[in-house]
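Everything below concerns the one structure shown next.
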Amino acid sequence: MIRGLWDRETVAALLLICLMPLALTWLWYGGIEAAARLALALVISGIWHLIFMLARAQPPSLAGALTALAVAMLAPEELGLARLVLGITFGSVAAELVFGGWGRNVVNPATVTLAFLGFGFPAAPWPELVLPVAWAAIPGAVLGVALGVLPGRILAGAGLAAGAAYAAGQGTWPAGLAPVLPMAGVVLVLLVCDPVASAATRPGRWLNGLLYGALVVLFATKWQGAAPAQIAVSAALFTSLAAPLLDEAAITLWRARRRKHLG
Amino acid sequence: MMPFITRNAGLDIAIPTAPPAPGVRRDLLTDEAALVPQRAERLRLDMLAAEGALLPQGAPVARLRDHPEVVLTAPMAARLARVRLGPGRQLVELLFFHEPQAGRHVFDTAAARSGETAAIRALLQGTGLWRLIRSRPFGQMPRVAEQPAAVFVMASDTRPHAPDPRVILEGRGAALDRGLAALGRLTEGPVFLCQGRGAALAGPGAAEGRLQLLRCGTLHPQGLAGFRIHHHHPATPGAPVWEIHAEDVADLGDLLITGHLPGLRTVSVAGDALSESRLLRCQPGANLRGLCQGATVPGWHQVLSGSALDGAEATWLGLRDRQVTVRDTPRAGPRAHWFARALSRAARPLPIIPTAALDQALGSLLPAMALVRALSAGDDETFSRLGGLSLLEEDLALADYVTGASPRLSGLLRAALDRIAAEEGL
């Protein structure tokens, strides 16, 4: 039988290409320390993929590199090697590999790793991103939407939520939101737009983006003393947990309209 | 607006093929033709002609044991060369050799011409045209007394290298109108005529004013019956929907007037293992090697009945197929290392990732990922809630191709339909 292109590994490779501008900019500004973190995350993630391949015949995936990149960029700093290894292990194994690998997981493994590290070790400071890294996320997002591997409706929904917040503040950002925006944008592209762990229906994706945007605005304005990365990762985690519900709502709506339309 | 509708969502699949042969369309009867069952079709037969008998084209050859009204007819003027029946007299193969001097069988169509419903049904069943109708859900020949909730006449086909229905129907407008009118008698619901761009193939007054013209997009899978049925008149076990190709309806129209069963079907022969692609008219059940004779290039190749997306390797032209694909098959390479083979054989199949490509492959007409998940999980309830009962294997062939799904979605769909059919007691 003839086969087309769009199997799991093609999608993972394209996502990786889309995130290249972001990753390279981050490495450029982060220097040797960033490179070491990325290498560590890649090695640990790779080891777990290898173990699951040998033990359970589960084909390894390039998506492991996506997880490693997100963790290296966003994980709290000054954790030490052991805690970082523990966090990545927990995220990769408990959120992805035991479900059968990327494509069968429910929540993005990087989101789980980051939430685990952030809430487990609250004393560790969250990383800050320099502004050019956030700008570098934009070309990647555009490329991903053009190729159809990143859901554009989630980006649009989040943009809509941000626009609504801007309009509600009469042309200014609500207090506390402006410094969070670059990090929220990077997390949106890295974690929220993961095609597997986000909503898969069209209205569901709009809602998914809107929910993420609304949560970011809520946390930024009401959560005293939270770091931008903490706010964005928490919003990403809750959004990801709500995604199946949003899909279910979208399908119910679709069926109701279909019944009406078909009589 | 329904949120999942876009008018022409789909994909333009570039399947390589040879340049077309000169001329528009020629008639080619192969020396051999055969009547064979469809996949998983069980036809218990009583033979009406003996092995070696000379049969005019269209003459009854056999009838169904359980429903003697339904008759199989000779695809061409031929000698019945071999009768192969399996246990319980199930059809395995009826082989015919072309004998042009045997002439054509004449049917009595006076009663059907007067518009009498029972006579039209009897004519369809007695001429073998009944078998060309496909009833959804489940995609089998309609039951003998089945009354469809709607009829979809397909004058559109967006599969790669499918013959253009407008070329097929050129000059057959009157026959199509007569066929539509007769077909309209069999249902009290609407008759949908699905066609692409261009002048309307039939007026709105056809089929007692119950004809509705549906314009299909040009991208695959917009021209497939499954998605049109899913969108306009979903099929359910209690209200089956029929689907038939417009050429067969025009054949019915001609049959009503002349009493002869038109025995030619337009078929496109394409593929990258050919020196020229062809547009032919041949008999039903034609020998595929005969259709591509003189046009294949040397080397290993595969002959499929059907398009490159949904075709199956075959010797005889499939019952409802209008395409033959001849494809290069790469010779098996050197054996992989035992470790790599062990890993790939033990590996679980890769899951499908929701992408825009998958969405387009289902025409953006239904929540694609929800359907894929329901199929993979064997969740038949969600599957039917999403309208999956209107679909058949061919409708998911494009999604299979695009995602390289394993196991194939069309196979999962067939399994789900079989389970539901068993539950319905069919």
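We did not get these values from a lab; they are worked out from the coordinates using the rules stated. The model shown is predicted, which means the values in this text are computed figures rather than measured ones. Using ideal geometry, Cβ is built from the backbone for each residue, glycine included, and neighbour counts are taken over all protein chains shown.
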Once normalised by the length of segment B:1-331, the mean sequence separation of its alpha carbon contacts under 8 Å that are 6 or more apart gives a contact order in percent of 22 percent
Directionally averaged shadow of segment A:136-263, computed from the convex hull of its alpha-carbon atoms, nm²:
8.7 nm²
P(r) of segment B:177-216 in 10 Å steps, Cα pairs, percent per bin?
33, 55, 12
Intensity falloff of segment B:1-331 expressed as log10 I(q)/I(0), Debye formula with alpha-carbon point scatterers, at q = 0.07 Å⁻¹
-0.28
Asserting the computed 222 nm helical MRE of chain A (DSSP H runs at least 4 long, -39500 (n - 2.57) per run, divided by residue count, to nearest 500) equals -24000 deg cm²/dmol
What is the set of long-range amide H partners of B:Thr296 at a cut-off below 5 Å, with H atoms built 1.01 Å from backbone N?
B:Ser275
Note to self: Kirkwood Rh of segment B:146-209, Cα pairs, one decimal, Å, is 12.5 Å
Residues A:Leu66, A:Leu131 arranged by fewest to most Cβ contacts within 10 Å:
A:Leu131, A:Leu66
Please report A:Val107, A:Val187, B:Val326 as a ranked list, fewest other C-beta atoms within 10 angstrom at the top and most at the bottom.
A:Val107, B:Val326, A:Val187
The alpha-carbon center of segment B:339-373 and that of segment B:152-204 are separated, in whole Å, by 35 Å
Going residue by residue through segment A:198-215, the Karplus relation 6.51 cos²θ - 1.76 cosθ + 1.60 with θ = phi - 60° gives ³J(HN,Hα) values, rounded to whole Hz and with x marking Gly or Pro, of 10, 5, 10, 9, 5, x, x, 5, 4, 4, 4, x, 4, 5, 4, x, 5, 5
Long-range amide H partners of B:Gly196, meaning residues 5 or more apart or on another chain whose placed amide H is closer than 5 Å, are B:Cys216
By the Cα gyration tensor axes a ≥ b ≥ c (a/c under 1.5 gives rounded; else a/b larger than b/c gives prolate, otherwise oblate), the shape of segment B:214-368 is oblate
Taking neighbour counts of Cβ atoms within 10 Å as a proxy for exposure, in what order, fewest first, do A:Asp247, B:Asp46 appear?
B:Asp46, A:Asp247
Would you mind pulling out the separation of the Cα centroids of segment A:191-263 and segment A:2-57, in Å?
25 Å
Quick check on chain A: what does the Kirkwood estimate of hydrodynamic radius come out to from the alpha carbon pairs, in Å?
18.8 Å
What residues have an amide H closer than 5 Å to that of B:Gln140, excluding those fewer than 5 places away on the same chain, when H is modeled at 1.01 Å from N in the peptide plane?
B:Ser135
Most fluctuating residue given options B:Pro190, B:Pro22, B:Pro87, as computed from a GNM of chain B linking Cα atoms under 10 Å:
B:Pro87
Roughly how many Å is it from the Cα centre of segment B:392-413 to that of segment B:1-79, as a whole number?
23 Å
Residue-ordered couplings for segment B:360-377, obtained by feeding phi - 60° into the Karplus form 6.51 cos²θ - 1.76 cosθ + 1.60 and rounding to whole Hz (Gly and Pro as x), are 5, 5, 9, x, 6, 9, 8, x, 4, 5, 5, 5, 4, 5, 4, 5, 5, 8
Karplus ³J(HN,Hα) for segment A:94-108 (6.51 cos²θ - 1.76 cosθ + 1.60, θ = phi - 60°; Hz, whole; x = Gly/Pro) runs 6, 9, 10, 5, 5, 7, x, x, 4, x, 10, 7, 9, 10, 4
The equivalent-ellipsoid semi-axes of segment B:342-424, taken as the square roots of five times the Cα gyration tensor eigenvalues and listed largest first in whole Å, are 21, 17, 11
Let me check the size of the protein assembly as shown from its C-alpha atoms; what are the radius of gyration and Dmax in Å?
29.8, 96
Suppose every K and R has +1 on its Cβ and every D and E has -1 on its Cβ; what is the size of the dipole of segment B:342-424 about the Cα centre, in Debye to the nearest 20?
420 debye
